[in-house]
1. Testing Ile4 on (1) more than 15 Å from the chain's Cα centre (by Cα); (2) at pLDDT 95 or above; (3) among the aliphatic types (A, V, I, L, M), one condition comes back false. Which one is that?
2. Out of the residues in the range 91-123 that are within 16 Å of the chain's Cα centre (by Cα) and among the charged types (D, E, K, R), state the one that is modelled with the lowest pLDDT.
3. Name every residue in the range 33-53 that is surrounded by fewer than 17 Cβ atoms within 10 Å (Cβ to Cβ) and farther than 23 Å from Ile4 by Cα, in order of residue number.
4. For the range 34-65, what are the residues that are among the aliphatic types (A, V, I, L, M) and either in a strand (DSSP E or B) or free of Cβ contacts under 8 Å to residues at least 40 places away in the same chain (or both)?
5. Sort out which residues of the range 91-100 are in a strand (DSSP E or B) and surrounded by 15 or more Cβ atoms within 10 Å (Cβ to Cβ), and write them in order of number.
6. Inside the range 54-90, can you point out the residues that are modelled with pLDDT of 85 or more, surrounded by 21 or more Cβ atoms within 10 Å (Cβ to Cβ) and aliphatic (A, V, I, L, M)?
7. Give the range 101-112 a look and list any residue that's in a helix (DSSP H, G or I) and surrounded by 10 or more Cβ atoms within 10 Å (Cβ to Cβ), or say none.
Amino acid sequence: MGEIITWYHGTKADLAPGDLIVAGHASNYGQRRAARFVYLTATLDAATWGAELARGEGRGRIYIVEPTGPIEDDPNLTNQRFAGNPTQSYRTREPLRVVGEVQDWVGHTPEQLATMRARLAELDAQGVEAIED
């Protein structure tokens, strides 16, 4: 029998169990084009980054999700840009179903956030966009 994996999605959206997270919303990165995929991860740390770096109002949230269709490696964080898949990050064109919310997650330090935001600003200045192929 296969290993049971808990999937996470970090965002600022206020969602409830049963809600669907769908593609088509403005990307959090680059020119904010409509994203063709929704993203999920098997690590709480990667979901924490998603919740902290998401654009929009409100507090960051981390949801426990179930994919409703096939998933694939996220090329933005895997072999096309980094070796392997150390953040266990994936994407799908199909909706993610919210099944719960992580209430007790701990964010990164202000220094870590500043470093990550500076790196993202640098990539933005270089014109690097999310891989949406």
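The values are calculated or read from the model by the stated rules, or taken from the named source; none is laboratory data. Because the structure is predicted, anything quoted here is derived from the model rather than measured. With ideal geometry, Cβ positions are generated from the backbone for all residues, glycine too; neighbour counts draw on all protein chains shown.
1. Result: Ile4 fails condition (2) only.
2. Here the answer is Arg117.
3. To start, the set of residues in the range 33-53 that are surrounded by fewer than 17 Cβ atoms within 10 Å (Cβ to Cβ) comprises 33-34, 36, 42-45.
Once the filter is applied, which keeps residues that are surrounded by fewer than 17 Cβ atoms within 10 Å (Cβ to Cβ) and farther than 23 Å from Ile4 by Cα, the range 33-53 yields Arg33, Ala34, Arg36.
4. Residues of the range 34-65 that are among the aliphatic types (A, V, I, L, M), as a first pass: 34-35, 38, 40, 42, 44, 46-47, 51, 53-54, 62, 64-65.
Result: Ala34, Val38, Leu40, Ile62, Ile64, Val65.
5. Of the range 91-100, the ones in a strand (DSSP E or B) are 91-92, 96-100.
Answer for the range 91-100, where residues must be in a strand (DSSP E or B) and surrounded by 15 or more Cβ atoms within 10 Å (Cβ to Cβ): Arg91, Thr92, Leu96, Arg97, Val98.
6. Residues satisfying the conditions are Ile62, Val65.
7. Applying the first criterion (in a helix (DSSP H, G or I)) to the range 101-112 yields 110-112.
Listed by number, the list holds a single entry, Gln112.
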